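Data first, discussion second: the structure below is written as structure tokens.
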Amino acid sequence: MGKEVVLRAEDIHKSYGRLRVLRGVTFDIRRGETKVIAGPSGAGKSTLLRCLNLLTMPDKGKVWLEDVELTNPSVDINKMRQRIGFVFQEFNLFHHLTALDNVMIGLTKVKKLPKEEALRRAKEALLTVHITEDLWHKYPAQLSGGQKQRVAIARALAMNPLIILYDEPTSALDPQLVGEVLQVMKELARKGVTGLVVTHEIGFALEVADEIMFMYDGIILEKGPPNEVVFSPKHEATKKFFEKIGRLYGERR
Amino acid sequence: MTFWEEFLPALMSGVATTLKMLAIAMPASVALGILLGTLRVYGDRISSTVATAIVVTFRGFPLMVTLLILFFGLADFKIYLTPYWAAVLGFILCSGSYQSEYVRGAIRSIDIGQSLAARAIGMTKLQEVLYIILPQAIRRALPGISNELIYMIKYSSLAFVVGVQEMFAISKSFNYRYFRPIETFMTLAIIYLIMTTVATVGFKWLENKLRIPGLEISGR
Amino acid sequence: MENNTSCLNQKLIFLKEITISVDGDSMAAEALFINYVPYIIEGALWTFGLVGGGLGLGFLIGLPIAIGQVYGGRVVKLILDVYVWFFRGVPLIVQLFLFYWGVFPAMGFKLSALVTSIMVLGFRSGAYQSQIFRGAIESVDEGQLLAARSIGMTKTQSIIHIVLPQALRIAIPGWTNEYAILLKDSAICFALGVMEILTRTRYVAVSLGLYFLPYLFAGILFIILTYGGTKIFNIIYEKVQIPGLVKGGM
């Protein structure tokens with residue numbers, strides 16, 4: 001392909017007490033790619049994502065953002081996190097700030113941009129996720145779940161990240177609100193925003209993902225183009241998982 | 001001159017003294033409360049231990065004892081505070097310690113997702129506490145803080161014991177001279193009632209003004 | 001402290017008589033302080049008299065007020081609200097002087113400093129406790145009352161047998177806090193000359209010319225008593241919990 005590697009994870013291990021959640025995960029993502037991680041609960045998907053921006057410290061293994069090794073203790077992780085976007089399942093919008101301020105605060109306080117520049121970029125990001133001006137001065141508690149999550153995506157986008165990590169972004173949403181968030185994510189993927197998504201939404205993967213990685217019991221069991229992994233899986237566990245999901249979500253070819 | 005013609009002006013000067021003490025002690029105690037509460041949650045070993053020691057001491061000592069130590073006790077070490085400043089310092093330490101408990105509780109009630117999101121956009125711990133955690137925690141602690149400040153209005157009466165000529169001290173000496181206890185102390189009581197009631201209404205208004213929709217719900 | 005000054009003088013003479021002559025040498029004074037520690041600790045008896053009496057009287061006043069505020073009619077509520085407003089809104093020291101020098105004599109009573117203090121502490125604690133009990137009663141699930149009425153209990157029976165047993169348990173933490181507050185407020189009664197801890201500490205300090213050490217000791221004594229008492233109430237709270245019932249609220 002020739003495109004540069006944006007994020008690389010090498011042999012990531014993580015245990016909580018005696019529970020081994022990640023047992024040696026290795027993969028990389030290139031610029032412009034959208035990859036999906038799917039798998040049963042407890043397989044370690046969320047933990048893996050949090051290890052990538054060191055919100056959770058891996059026990060063993062390394063993570064690179066372009067050519068900087070994040071897991072190296074001498075690296076200023078706060079500075080590096082400015083280039084990684086993270087979208088949480090529970091949104092985690094700052095309760096005490098309006099939608100606009102939520103998106104702006106990273107720009108003014110962390111990136112130290114001048115106010116006018118921050119305002120411009122924030123508005124741009126909000127419009128990209130289809131949050132219109134009438135919502136900009138609302139507080140998170142006044143927004144619907146779908147609106148909250150889109151603001152959260154705008155917050156990540158505005159920082160101009162090299163990659164956006166999505167941790168089950170639609171799992172906490174009512175079914176009728178899932179679509180609007182997936183729509184935004186698809187648009188970003190098509191625009192070439194590099195993304196790594198942990199999700200159960202296989203339709204999304206089939207539509208826009210370059211690769212699906214199936215995680216099972218702490219490792220990546222299988223990976224490949226979505227069509228292949230979902231419909232012609234090589235492992236029994238993979239087959240069982242996608243059959244069950246297919247029944248639950250009624251996905252069709 | 002009648003009793004009232006003498007008493008009321010003297011009482012008013014006492015009221016002025018009380019208000020002057022409160023004008024300093026109230027904001028200072030809030031600042032101290034926020035500082036101690038924050039240090040106890042986020043401070044390193046030394047600062048959090050020191051903060052805890054201060055809180056335990058000044059919550060545990062009756063305010064009377066604190067005032068007496070500051071004015072008479074420190075004199076043993078050749079540190080001479082004026083009555084006024086001994087009293088103000090006592091109020092700040094005592095009330096600040098009680099307030100720090102509310103602040104500490106409020107900080108701990110902020111859900112961890114806020115902290116994660118702050119770190120995820122690259123904020124340092126200091127930025128996270130300053131811009132994300134404290135603005136929310138202080139709002140949550142506001143009812144408790146207002147409660148303590150209203151207590152301060154009442155307990156300011158104890159300043160008489162170190163010789164400050166505030167409202168109560170003046171009433172006491174008037175009663176000693178004229179012996180009209182009901183008039184003296186009832187008038188005083190009414191003034192305190194007015195002050196605490198106005199303060200209660202005022203703080204409620206402040207809470208409303210600072211309210212963020214959705215922020216009262218804990219854990220959300 | 002008008003009448004206290006003469007008491008103070010008497011005490012000073014008393015203490016000086018049993019004191020080996022100390023000419024302001026602070027080291028000797030500190031050593032001498034040890035002799036007076038029992039005298040100060042003895043004050044705890046009076047302190048507990050004040051706290052116990054205040055809490056007890058406060059309970060007898062506060063619980064009925066709470067019931068009245070939750071279940072009473074408009075006029076009753078108004079009167080009770082005024083009572084609570086007055087006794088919570090006026091500083092303790094003002095109330096002590098008002099009652100000791102003014103109200104009780106005007107009513108023809110000649111009450112001692114100790115009794116007056118207990119009564120005022122009681123009136124005051126009653127106002128605060130009423131709010132604790134009121135909150136506790138209001139937090140008992142409404143369904144409990146409905147169920148009681150539907151098996152034929154009168155309102156009074158439902159309150160006594162169903163609501164109060166639950167409410168009183170819920171109120172224990174708030175009540176424990178009231179104990180801690182009363183303990184510290186008892187020190188204020190030294191202004192009337194009650195021979196509790198702080199009064200005694202003051203006599204010792206003045207007669208020795210040593211201030212920091214005695215007051216520090218008194219402060220630590222109060223901390224110990226607060227901590228100990230709170231611990232005891234917490235143990236009672238644990239023992240009295242209804243198995244399986246997790247009462248949220250706080």
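The values are calculated or read from the model by the stated rules, or taken from the named source; none is laboratory data. Given the structure is predicted, the values throughout are model-derived calculations rather than measurements. Ideal geometry is used to build each Cβ from the backbone, glycine not excepted, and the neighbour counts take in all protein chains shown.
Summary of computed values
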quantity: Pairs with Cβ under 6 Å, 6+ apart, first in segment C:32-50 and aromatic (Phe, Trp, Tyr), second crowded, with 17+ Cβ neighbours inside 10 Å and part of a helix (DSSP H, G or I); calculated: C:Phe33/C:Leu213; C:Tyr36/C:Val204; C:Tyr39/C:Arg200
quantity: Selection count where residues are at pLDDT 95 or above and over 14 Å from B:Val164 (Cβ atoms), scope segment B:75-97; calculated: 6
quantity: Segment A:25-79, subset farther than 26 Å from A:Lys191 by Cβ and β-branched (Val, Ile, Thr), residue nearest to the chain's Cα centre (by Cα); calculated: A:Thr47
quantity: Residues of segment B:105-130 that turn out to be more than 19 Å from A:Phe86 (Cα to Cα) and of a type outside the set (Lys, Arg), as a count; calculated: 8
quantity: Entirely in segment C:108-219, the helices (runs of 4 or more DSSP H) that have 1 or more residues that are under 16 Å from C:Gly52 (Cα atoms); calculated: C:113-139, C:164-186, C:197-208
quantity: Residue list for segment B:158-188, filter: without any contact (Cβ under 8 Å) to a residue 60 or more places away in the chain, in contact with a helix residue (DSSP H, G or I) (Cβ under 6 Å, 6 or more places away or on another chain) and either under 18 Å from B:Leu67 (Cβ atoms) or β-branched (Val, Ile, Thr) (or both); calculated: B:Phe160, B:Ile182
quantity: B:Ile132 being at the interface with another protein chain (Cβ under 9 Å from one of its Cβ atoms), β-branched (Val, Ile, Thr) and either buried (at least 21 other Cβ atoms within 10 Å of the Cβ) or in a loop (DSSP other than H, G, I, E, B) (or both); calculated: yes
quantity: Identity of the residue in segment A:45-70, part of a helix (DSSP H, G or I) and charged (D, E, K, R), that ends up surrounded by the fewest Cβ atoms within 10 Å (Cβ to Cβ); calculated: A:Arg50
quantity: Test: residue in segment A:70-77 that is at pLDDT below 90 and out of contact with any Leu (no Cβ under 8 Å at 6 or more places or on another chain); calculated: no
quantity: Cβ pairs under 7 Å, 6+ apart, first in segment C:186-204 and among the hydroxyl-bearing types (Ser, Thr, Tyr), second outside any helix (DSSP H, G or I) and buried (at least 24 other Cβ atoms within 10 Å of the Cβ); calculated: C:Ser186/C:Glu196
quantity: Residue selected from segment B:135-157 under the condition among the charged types (D, E, K, R) and touching a helix residue (DSSP H, G or I) at 6+ places or on another chain (Cβ under 6 Å), by the criterion farthest from the other protein chains (Cβ to nearest Cβ); calculated: B:Glu148
quantity: Of all residues making up segment B:65-74, the number that are within 19 Å of the chain's Cα centre (by Cα) and over 16 Å from B:Gln165 (Cβ atoms); calculated: 5
quantity: Tally, over segment C:189-200, of residues that are facing chain B (nearest Cβ under 8 Å) and either surrounded by fewer than 23 Cβ atoms within 10 Å (Cβ to Cβ) or farther than 12 Å from C:Ala113 by Cβ (or both); calculated: 1
quantity: Residue match in segment C:72-86 (condition: under 30 Å from B:Met64 (Cα atoms), modelled with pLDDT of 95 or more and not in a helix (DSSP H, G or I)); calculated: no
quantity: Failed criterion for B:Pro213 (all others in (1) more than 15 Å from C:Ala191 (Cβ to Cβ); (2) assigned to a helix (DSSP H, G or I) hold); calculated: (2)
